[in-house]
Amino acid sequence: MGSNMAENHPVGYQWVMEARERGAQVIHVDPRFTRTSATATKWVQVRAGADIAFLGGIINYILEHGREFRDYVVNYTNAPVIINEEFQDTEELAGFFSGWDAAEGRYDNGSWQYEGMDVLGSAGKRSRGANVGHAASQGGHGNELELSEPPAQDPTLEHPRCVFQILKRHFQRYTPELVAELCGCTAADLIAVAEALCANSGRERTSAFVYSVGWTQHTVGVQNVRAAAIIQLLLGNVGRPGGGVMALRGHASIQGSTDIPTLYDILPGYIPMPDAYAHDNLKEYVERNSSPSGWWGNMNTYVVSLLKAYWGSAANPANDFCFDYLPRITGDHSEYQAALSMLDGEMHGYFLLGENPGVGSANARLHRLALANLQWLVVRDLVEIESASFWYDAPEFETGELIADQIRTEVFLLPAASIVEKEGSFTNTQRLLQWHHKAVEPQGDCRSDLWFIYHLGRIIRQKLAGSQDPKDRPLLDLQWDYPTEGALDEPSAEAVLREINGWDAEGKALTAYTQLKADGSTTCGCWIYCGSFADEENQTARRKPGSEQSWVAPEWGWAWPANRRIIYNRASADPSGVPWSERKRYVWWDEASGRWTGYDNPDFEADKRPDYVPPEGARAQAAIAGNHPFILQADGRGWLFAPSGLVDGPLPAHYEPHESPFRNPLYAPRANPARQQFPRPANPYHPSNGDVGADAYPYVMTTYRLTEHHTAGGMSRTAPLLAELQPEMFCEVSPELAAERNLEHGGWATIITARTAIEARVLVTDRIKPLAVQGRTLHQVGLPYHWGSKGLVTGDSANDIFPIALDPNVHIQEVKAATCDIRPGRRPRGKALRELVDRYPRSQEADGT
Amino acid sequence: MSREPSPAFQPQSQSARRTAQTAPASGESAPGFRSYYGQPIIKEPIWKPEVPVYFFCGGLAGASASLALAARLAGNARLARHATFAGMAGIGVSPILLILDLGKPARFYHMLRVVKLTSPMSVGTWILSGTGAALTLAAGCEALGILPSVKLAAQAVAGLLGLPLSTYTAALLADTAVPIWHDARRELPFVFAGSAAASAGAVAMLTTSPEEAGPARRMAVAGAVLELAAVRAMERRLGELVGEPYRQGVAGRFSRVARACTAAGATVVAVAGRKRAGAIVGGVLLLGGSFLERWAVFKAGQQSARDPKYTVIPQRARAQRDGTSVTTLPAIT
Amino acid sequence: MTTDLPGSKPAAWPESYGAEAKPRVGFFTDTTLCIGCKACEVACKEWNLVPEDGFVWTGHSYDNTGALSANSWRHVAFIEQQKPLRVDRDTLGVGGEDPAGLRWLMSSDVCKHCTHAACLDVCPTGALFRTEFGTVVVQQDVCNGCGYCVPACPFGVIDRRMIEDAPGDGAAQKCTLCYDRTKGGLEPACAKACPTNSIQFGELGDLRAHARQRLATVQASGFADAQLYGADPTDGVGGFGAFFLLLDDPEVYGLPPDPVVTTRDLPAIWGSALAAAGALAITIGLAFAKQRR
Ligand SMILES: Nc1nc2c(c(=O)[nH]1)N[C@H]1C(S)=C(S)[C@@H](COP(=O)(O)OP(=O)(O)OC[C@H]3O[C@@H](n4cnc5c(=O)[nH]c(N)nc54)[C@H](O)[C@@H]3O)O[C@H]1N2
Ligand SMILES: Nc1nc2c(c(=O)[nH]1)N[C@H]1C(S)=C(S)[C@@H](COP(=O)(O)OP(=O)(O)OC[C@H]3O[C@@H](n4cnc5c(=O)[nH]c(N)nc54)[C@H](O)[C@@H]3O)O[C@H]1N2
Ligand code: SF4
Ligand code: SF4
Ligand code: SF4
Ligand code: SF4
Ligand code: SF4
Ligand SMILES: [Mo]
């Protein structure tokens, strides 16, 4: 669901095809009939933006028919845990969870906690956003958790306030009929899918979910994924072979850039970024963010080792290991916030390394205007992308919104070396690190990003040398001494990997994160990557063919953590350590040797007995009992109900997209109340359903990719052999919509929103049929988003017409569902374009509902 | 197995055709057969106009050479002389036309490195070269009035090779996948033979005084009759569907005019060929008819290749009739 | 001098190669495995330096390549049909409850490397030849661009490249079955790139055997119109070197339903050409008959 794997991960999809040929059922749930649907065994067409309803329907089906995997649910999830009395569900509060602060427009999760204690999420968000006030109010660290065992539980799952019952009540209204009404599929479809999942789960069988940005790019993106996690936990499909919730990631090594983040709010290894308002010193920061039980109990060792990797000898206990050198965050500093700051003239300079927001980001027009408001911009790219050329050829010149000689942005366009011209590691969707070697030397002035960052840092440090200004210390004290090779002084990528892996006091490469110390005797650039350079060998470069090793293939590349191919794999055995079934045996307890063993590296202390009970005062992993597989969680359990970690509720609930032609029959708030909105002239929204003018935008539009192009097109619209395969921007519409709006197949259509209007060739196809939603016909407009003004093939950018409205947890844009109007013919040129758009209604306020 | 009748082409959405024009115009296509968006199945011949012109000139040259030989044997020296020169003219421009089509002269010689019986173009190249050489020799001697025996020998060679020279071009066309050419493989050579005879006769008639042009006149008329009869037989063989291009579009127009000219020309020559004026009018009509007939055939080939129905419907019918389909169908279960 | 008359196997092969002859190789393209990714098209162009074929949006579903041509040696066809993918709607409810259902056929077309190749037969220069692997290849330096092979091919595969001073300009172009790679013991670029093994390369005999089993499986899983195309050595071109498993009739994919190598009728063609020449002789003879008397 929410993934078009055949088109966007074709090479990975070969395994899906192989599974299909071996009898696996492949079900594709998508608004369009895609190349994935065509090769799946079942396709269910749904409306864009209603997945929680669909998944909720499955959850309800499971619970109503008692299809959950009882033994798994009772022992491995927090189903039996009894929640705080103050907690109130959306069912009781007309669509809000308890703790909603209408004034602040956010949740306080205090009332979501386990009865009698206060559990913390595994990582991130614990000290910020919604939780700040709460965390602070607990004075230091709130009620310490003596044991990983939540005090109040009901193994019979009968207690009205136990998670299981709460879940039941929360989803009971998600009947097949309601799902059909909301999603536009049929009740039979929902039942067929739910039944297929149940039938293919349990002791003997497992089912997997595959998702990608069809789920995430929504104002409820994270809750979409949560809903799938709930299903998989109920069916016992986590930590077992053939199970799981697979996120098919995007750019090459985008997973790597999350682990070793290019994100503003976490440090390597999902360590939360220090918060300006909450963290004055290392101790306090660690206390707030670690949990006394579970592997996060060792967070101090991860953080100190990271600080040592950054500042080496300069980092010592006396100066808190340079903790104060770390930047502090004050709130949302995500890409969109950055663009708005540029627009508001608050941000003056910007580095754009391998990104093309002028095409790729929601409301691309706003991004171009924002870039044009900078003083300087550094772009490193393979080609001159729209985000680098805007100052002389932005579409806004034609409309008079930008005037060339009034743009003061100085653009530095630096040629980047491509993948084949440099070496390094890729981390793929499965947390697998694979090393790639350099094929050819970079051409001309092209240099790797590593080269650029290293030498940039080196030169800045040179310029600052001798400075007494304390603000320069963090830079000057950095350990910035990578060996360089070759005529181009290319820094050694392996040296970087080794630093990430970390070393001990003797400088020997570490082999596992369990060796990390908080006393400064170890360094480690990213604790979960510790072991990737074990035994002074680049483990990610291993290439032993599958045929020459076990089917788990542990000697191909290296997977974090600890080369584990399936995490939480202790869940593949029952509480007593015996595999749930022979068919699905993976990791098990070997009484004879008194150790965990199996095909994979057990994700559990090797010698911790299944019947282990934590002694008084045990900390970290030692505080996790022998029958609790989810060792990163404070309670060792999979969370059906999330007491913390999410800012928009402990459970998923169906909210309409920010822009939707429909009301919400379930709850008072039409859309996710916690979503991020940025109303302003450059980012107007559509009047929401009910309000005057809402019906000016009767259709739902959704965006996606094509196999033939890559994202914002810098790499494909410039490549003749790709450009020719999809040479023009087009929109996909149904014959019925074509008839309704006189759209001519092969002709042109103009798609209009309050942001602007774009034109596209018309592809009339039955693959995007109209749906019956809430008793009326819904037409959806499909838009690939690959086109822009440069390259061999050019066209309007779908992103020009999308608003900036974000998921509150991860700030991802909602580009998978919004509303629009569509008309036959090409769009007006010049000023006439704005005139057309201005004739359409708009709203400048945030939408309360 | 079931073959439900479906639209002439597969629009990328069958129901969409009701609402928007979904796929390219299928104007030429017939209902009850299926194709890929109405796209051609075989490739259109890519020859330039030089080629049909060459067909005409080659035919004229070949028939003239044979006429010359016959006239020589019959002792009609003046007719032989004129026919030889006419043949010389025709054979002279032929290689030029072919080289123009190929682009570079060198490319013509590529063909003289092999002899392939399966390639009428290869065989034809040799016939053309042979006739050319012989005719040049004959014409040379004729012009300079020297070496009578050599001249006679050359004349003989040219006269004999001239016969296939005027018909191999039909084989060349028939030996392609173009339905309207391939299916006419039995008649097309006769069309070309007749048309060649008519044109050669006409030229000889125009260049020779009526008294001595008798055989040329008879040859022209007989050629025209042969051409028209062969055309009728060809169209009967091709039938309604495959022969359609001869009644449609450019090819249709060319063939109508061509046949009118030929018929008229023949009549005029037969009736008034002995008078100079009659000879001129009839001769020109016959030349035009012969020339346009080659164009009609050429154009018809392009039209026949362009529309998939000419390929699909007969093949589908044949496959059904005698189960010769290349497809292996699963047993009906 | 080569004489290449249709026989039961690719004429002049393998005899002409004697000891150098290799087992005949080819493709089995199983369209039930095709995901329409076009990797084959791109890989072919990358490996064989085939130029881009024009930036034309056809509106024919996702097919903007259109057809095989001098500059596209692989062509992936896309056919959208309002039909359930399979007949047995219990094993598979494509389109949910929608009685019509939808299916999207995808198939990667290529030169068939015919056992009796019309292109090769009619080639007057011998530029087209039969390799030791039984495949059909154009020698760029010999081809004179006469264009005879173009209308001769019953599949409309081969064509002349017409790009001013581009490599191979004016010469006939088509799939070489990666002659250079096969010589080097490598599988062709397109097959190599195909992620789902829809394009299967190998010895023709093995491929045909495997294909028959595959057809049975596919048929058993309910594809009513499934059919092997070109796997039968007794067909009009003596069997394809590159054959297919299709889910509908060939013409739906733009393929001829019953192709016949044009040179199969060569005796008739030469026969009537000679007869016509005779007729011409007679015509002339008669024209003089009167005089002689
Ligand atoms: N060829 C190619 N491959 C790529 C990329 C590329 O640009 N080209 N991009 C890479 C990147 S960066 C990424 S992130 C991945 C993305 O991979 P995908 O997520 O597969 O990419 P999309 O095509 O954006 O969206 C997938 C599907 O989501 C569907 N969809 C839209 N809205 C909804 C909804 O509300 N619910 C559900 N269930 N489905 C919905 C769309 O119809 C589409 O078919 O692909 C990667 N791979
Ligand atoms: N409407 C809509 N918008 C979307 C999406 C959607 O589904 N719908 N998807 C979103 C998603 S998931 C993503 S990931 C984004 C992608 O959006 P962007 O990341 O903005 O777009 P890309 O074209 O991937 O930009 C990557 C650039 O990096 C350059 N590049 C490649 N290799 C290197 C290198 O080694 N070094 C450097 N310096 N540059 C390099 C490429 O030339 C390219 O120009 O789009 C997002 N926007
Ligand atoms: S581009 Fe790379 S990541 Fe994407 S499918 Fe191909 S191989 Fe996989
Ligand atoms: S398919 Fe056409 S080009 Fe290929 S071998 Fe057969 S006749 Fe020649
Ligand atoms: S174009 Fe080249 S390959 Fe084709 S027939 Fe002529 S010479 Fe042979
Ligand atoms: S075999 Fe080689 S030449 Fe032929 S299509 Fe495949 S890649 Fe292209
Ligand atoms: S590469 Fe394979 S799967 Fe992709 S289009 Fe070609 S044949 Fe189909
Ligand atoms: Mo992405």
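The values are calculated or read from the model by the stated rules, or taken from the named source; none is laboratory data. Since the model is a prediction, treat every value here as computed from it, not as a measurement. For neighbour counting, all protein chains shown are included, and Cβ atoms are generated from backbone atoms with ideal geometry for every residue, glycine included.
From the list C:Phe223, C:Phe244, pick out the single residue that is touching a Phe, Trp or Tyr at 6+ places or on another chain (Cβ under 6 Å), buried (at least 21 other Cβ atoms within 10 Å of the Cβ) and within 12 Å of chain B (Cβ to nearest Cβ).
Working: C:Phe223 fails: touching a Phe, Trp or Tyr at 6+ places or on another chain (Cβ under 6 Å).
It is C:Phe244.
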(request) Those residues that are basic (Lys, Arg) and surrounded by 24 or more Cβ atoms within 10 Å (Cβ to Cβ), I need them from segment B:162-204; list them, please. (result) B:Arg185
(message) For segment A:47-71, which positions are part of a loop (DSSP other than H, G, I, E, B), crowded, with 24+ Cβ neighbours inside 10 Å and away from ligand 2 (no atom under 16 Å from the Cβ)?
(response) A:Arg47, A:Ala50, A:Glu68
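Matching residues to (1) surrounded by fewer than 22 Cβ atoms within 10 Å (Cβ to Cβ); (2) away from ligand 5 (no atom under 14 Å from the Cβ); (3) more than 7 Å from chain C (Cβ to nearest Cβ); (4) not aliphatic (A, V, I, L, M):
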{"residue": "B:Gly90", "(1), (2), (3), (4)": "no, yes, yes, yes"}
{"residue": "B:Lys116", "(1), (2), (3), (4)": "no, no, no, yes"}
{"residue": "B:Pro120", "(1), (2), (3), (4)": "no, no, yes, yes"}
{"residue": "B:Leu128", "(1), (2), (3), (4)": "no, yes, yes, no"}
(message) Any residue at all in segment B:142-152 that's surrounded by 20 or more Cβ atoms within 10 Å (Cβ to Cβ), small (Gly, Ala, Ser) and in a helix (DSSP H, G or I)?
(response) no
(message) Please go through segment A:730-742 and give me each residue that is outside any helix (DSSP H, G or I), out of contact with any Leu (no Cβ under 7 Å at 6 or more places or on another chain) and crowded, with 23+ Cβ neighbours inside 10 Å, ordered by number.
(response) A:Ser734
(request) Pick out, from segment A:761-840, the strands (runs of 3 or more DSSP E) lying fully within it that include 1 or more residues that are free of Cβ contacts under 8 Å to residues at least 60 places away in the same chain, under 30 Å from C:Gly101 (Cα atoms) and touching a strand residue (DSSP E or B) at 6+ places or on another chain (Cβ under 9 Å). (result) A:776-778
(request) From (1) facing another protein chain (nearest Cβ under 8 Å); (2) out of contact with any helix residue (DSSP H, G or I) (no Cβ under 9 Å at 6 or more places or on another chain), pick out the condition that doesn't hold for C:Leu266. (result) (2)
(message) Take C:Arg181 and tell me if it is within 30 Å of A:Met17 (Cα to Cα), within 14 Å of chain B (Cβ to nearest Cβ) and surrounded by fewer than 20 Cβ atoms within 10 Å (Cβ to Cβ).
(response) no
(request) Residue by residue through segment C:133-173, note down the ones that are within 16 Å of ligand 6 (Cβ to nearest atom), surrounded by fewer than 19 Cβ atoms within 10 Å (Cβ to Cβ) and within 19 Å of C:Ala118 (Cβ to Cβ). (result) C:Gln139
(message) Looking at A:Arg226, A:Arg169, can you tell me which residue is more than 27 Å from the chain's Cα centre (by Cα) and outside any loop (DSSP other than H, G, I, E, B)?
(response) A:Arg169
(request) Consider only pairs whose beta carbons are under 9 Å apart and that are at least six residues apart or on different chains; among these, list those whose first residue lies in segment A:481-503 and is aromatic (Phe, Trp, Tyr) and whose second residue is not in a helix (DSSP H, G or I). (result) A:Tyr482/A:Pro491; A:Tyr482/A:Ser492; A:Trp503/A:Ala509; A:Trp503/A:Leu510; A:Trp503/A:Thr522; A:Trp503/A:Thr523; A:Trp503/A:Cys524; A:Trp503/A:Phe533
(request) Please give the number of the condition C:Cys190 fails out of (1) of a type in the set (A, V, I, L, M, F, W, C); (2) within 9 Å of chain B (Cβ to nearest Cβ); (3) within 14 Å of ligand 6 (Cβ to nearest atom). (result) (2)
(request) For residues that are more than 15 Å from A:Ala754 (Cβ to Cβ) and among the aromatic types (Phe, Trp, Tyr), scanning just segment A:778-836, find the one that is surrounded by the most Cβ atoms within 10 Å (Cβ to Cβ). (result) A:Trp787
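For segment A:745-760, which positions are closer than 30 Å to A:Pro665 by Cα and either in a strand (DSSP E or B) or of a type in the set (S, T, N, Q) (or both)?
A:Ile751, A:Ile752, A:Thr753
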(request) Mind checking which strands (runs of 3 or more DSSP E) fall wholly inside segment A:371-477 and carry at least 2 residues that are surrounded by fewer than 16 Cβ atoms within 10 Å (Cβ to Cβ)? (result) A:410-415
(message) What's the total number of residues in segment A:686-707 that are within 14 Å of another protein chain (Cβ to nearest Cβ) and either among the polar types (S, T, N, Q) or within 16 Å of ligand 4 (Cβ to nearest atom) (or both)?
(response) 1
(request) Evaluate segment A:234-243: report whether one residue or more is crowded, with 24+ Cβ neighbours inside 10 Å, at pLDDT 95 or above and not in a loop (DSSP other than H, G, I, E, B). (result) yes
(request) Might you let me know whether segment C:179-195 holds any residue that is farther than 21 Å from A:Gln14 by Cα, under 17 Å from the mean Cα position of the chain (by Cα) and within 16 Å of ligand 5 (Cβ to nearest atom)? (result) yes
(request) From A:Asp611, A:Asp600, A:Asp590, A:Asp574, grab the single residue that is at pLDDT 95 or above, in contact with a Gly (Cβ under 6 Å, 6 or more places away or on another chain), among the acidic types (Asp, Glu) and over 17 Å from A:Tyr513 (Cα atoms). (result) A:Asp611
(request) Give the residue, chosen from B:Val221, B:Val150, B:Val157, that is over 19 Å from the mean Cα position of the chain (by Cα), at negative phi and at pLDDT 95 or above. (result) B:Val157
(message) Looking only at segment A:579-594, count every residue that is within 35 Å of the chain's Cα centre (by Cα) and touching a residue at least 12 places away in the same chain (Cβ under 8 Å) and tell me the total.
(response) 9
(request) Within segment C:200-211, identify whether any single residue is within 14 Å of chain A (Cβ to nearest Cβ) and more than 16 Å from ligand 7 (Cβ to nearest atom), and answer yes or no. (result) yes
(request) Kindly check whether there is at least one residue in segment C:141-148 that is among the charged types (D, E, K, R), in a loop (DSSP other than H, G, I, E, B), closer than 27 Å to C:Tyr17 by Cα and away from ligand 4 (no atom under 15 Å from the Cβ). (result) yes
(message) Need pairs with beta-carbon distance below 7 Å; first residue of a type outside the set (A, V, I, L, M) and within segment B:133-149, second assigned to a helix (DSSP H, G or I) and surrounded by fewer than 14 Cβ atoms within 10 Å (Cβ to Cβ); sequence gap 6+ or separate chains.
(response) B:Cys141/B:Val150
(message) If I ask for residues that are within 13 Å of ligand 1 (Cβ to nearest atom) and either surrounded by fewer than 18 Cβ atoms within 10 Å (Cβ to Cβ) or in contact (Cβ under 8 Å) with a residue 60 or more places away in the chain (or both), which ones from segment A:17-36 would you list?
(response) A:Ile27, A:Val29, A:Asp30, A:Pro31, A:Arg32, A:Phe33, A:Thr34, A:Arg35
